[in-house]
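The values are calculated or read from the model by the stated rules, or taken from the named source; none is laboratory data. These figures come from a predicted structure and were not determined experimentally. Because the Cβ atoms are built from the backbone with ideal geometry, glycine has one as well, and the counts that use them run over all protein chains shown. Keep in mind that these areas ignore ligands, DNA and RNA; they rest on the heavy atoms of the full protein, side chains included. Shrake-Rupley method; radii C 1.70, N 1.55, O 1.52, S 1.80 Å.
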Amino acid sequence: MLYGNTAAKPAESFSTATLELRRKLDQRFKTLDDERRTGEWFEHWRELCEYMMPRRGRFLLSEDNRGAKYMSKVLDSEGLIASRTLAAGMMAGMSPRSKPWFRLIPEDKKLVKVHAVKEWLAECESTLYLIFHQSNFYQSIAQLYGELGVIGTAAMVVFEDWENVIRCETLTVGEYALAQNSRRICDTMVREYQASLSQLVEQFGVENLPMTYQERWENGRHGTSVQDLRFPIRHYVGPNPVRNEARPAISSNMPFASIYWAPQCGDNQHIIQFKGFEENALIAPRWDTTGNDTYGKSPGMDALPDVKQLQQMTRRFGQGVDRQVNPPMKGPASLKGVALDLLPGGLNLYDEAGGKGLESVYGNFRPDLQAMTAERTRVEGKVNKAMYADLFFAISQMQGVQPRQEMELLLRQDEKLGALGPVVDRIQPECLDPVIDRAWGVCTRKGVFPEPPDEISGQPVKVDYISMLALAQKALGVGNLERYAGVVGNMAGINKDALDKLNVDGFLDEYAEALGVPPRATNSDQDVARIRDSRQQAAQVEMMAQAAPALKDGAAAA
């Protein structure tokens, strides 16, 4: 259903609805494109790319598939390395490939300990993890984190795929424009990019392309090489602009849509492809926002002045070293026109009357390279702090005696990771939640998940994050639980009645939830009740066995 080109029609049979849709799309593209350009976002993004990720960003259509050198403004790579460290740290801290980073739990906490529910949710989790591993999700999310830390805004589209269930496409800054809804969530994206004719035919089918493109393709079949000719394509992802809630939920009338059209061809009203989605395929998180701004701000923006300063300092440092190693020379006028051998071991003969030989123009002056090195180190530290690189290297670059105590390392790590708390709170609902919801919806429609048990059928399921950064936030509550348990233990030494205030079962449940312990690792309330009943019955049998000889002796005496 989602793979049919329901709105694609031959160029000579346009309907009034198609013409109106194309007019709306062109107007929306122009409005959003003008907004990002007049707001000077473009120039800021371009500068960030030039200094911190030169291979990212597409600000002109002609920049596609570029291979030229774009490192002309980078003399010191500290900004590049810091941005790479931030991206890797966010990947490892939010959605690592090598270990679980989320779990599914029922919204009704009473169902958490139901065995059938636990087994079903565990099966669904395994299916989602398998889909993420087999698809290109992890490669795409790593690129998204890279742009998010430098640009402050990132965008990814999650398509359905016949082979891997989902397929992700991470966009780069400059090629797309966004709009947000009333909840200040970016739910609309328009972009313009170039694709080869062979790519368009493979993706959409030659019969769905504009007549201009079809004619080029037919000419190529007669010997003309046109497969690699590149044509501009525009793409819209967001709420369905032609949805009518009174109509049936067919592909063209679903809540969200993905629409492709060609901006430059003879039949300008042509829609190449129209696909409907139950969930929004657009994932567009921001690092941080100000007011009602559509686009976000980033650590890269904070670090940019220091990164630019590093380039100037590196240039000056290199000049200082060069002046020491190969300084400008001065000598007597009598040496003018004399061929001098300045190579090591060279011999130069001249008349003593000519005065002294060659010497540095600077005399005894030497650039203070040590002070310059110290200042560069200070600025590099500012860049690493702005980009949170020092946070992710908190242990490996810790000053002082090594190794430290395990408790101290944990406290230091939790303290530093807590600085990313606001970012985690934003990325989870704007990035990870929509991705999991999208994958869940696709799997549900394709019948990938097993049938749910009766206890949870029709009940909502929510996502609980158990990644390193998510657990670092929850660990703050763990400390309060531990302190409370310690106080109760101390008071029990004075008065055993203090233990009556501690709900042991509830305490352990809260502690396990805060640490992200999988539900299958703990016994359900029913299992605990059965274990305690068995233990109590065994204790009663043992007491009766111990009391049997005494009863027997008493009976004999009677």
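The table for this structure:
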{"quantity": "Estimated FRET transfer efficiency when R0 is 60 angstrom, pair F42-E542 (beta carbons, to 0.05)", "calculated": "0.15"}
{"quantity": "Spacing of the two label points (7 Å from each Cα toward its C-beta) at R230 and V504, in nm", "calculated": "7.0 nm"}
{"quantity": "Links that overshoot a 28 Å alpha carbon limit, given the list K110/K501; K462/K501; K73/K330; K30/K73; K109/K496; K30/K462", "calculated": "K462/K501; K73/K330; K30/K73; K109/K496; K30/K462"}
{"quantity": "Spin-label model distance (nm) - Q27 vs K308, 7 Å beyond Cα toward Cβ", "calculated": "3.9 nm"}
{"quantity": "Segment R183-E107, extension gain: residue separation times 0.36 nm, minus the distance between their alpha carbons", "calculated": "25.1 nm"}
{"quantity": "Peptides 532-538, 294-300, 124-130 ordered by average Cβ neighbours within 10 Å, highest first", "calculated": "294-300, 124-130, 532-538"}
{"quantity": "Rounded FRET efficiency, nearest 0.05, which uses the C-beta distance separating A492 from D425 and R0 of 35 Å", "calculated": "0.40"}
{"quantity": "Spatially proximal aspartates and glutamates relative to K385 (Cα-Cα < 15 Å; intrachain offsets below 8 disregarded)", "calculated": "E78, D302, D306, E415"}
{"quantity": "Accessible-area order (highest first, 1.4 angstrom probe) of the listed residues V206, V448, V435", "calculated": "V448, V206, V435"}
{"quantity": "Distance in nm between pseudo-label sites at Q319 and S126 (7 Å out along the Cβ direction from Cα)", "calculated": "6.6 nm"}
{"quantity": "Largest-first ordering by accessible area, 1.4 Å probe, given options V504, V325, V226", "calculated": "V325, V504, V226"}
{"quantity": "Packing-based order for 484-490, 145-151, 317-323, using average beta carbon neighbours within 10 Å, highest first", "calculated": "145-151, 317-323, 484-490"}
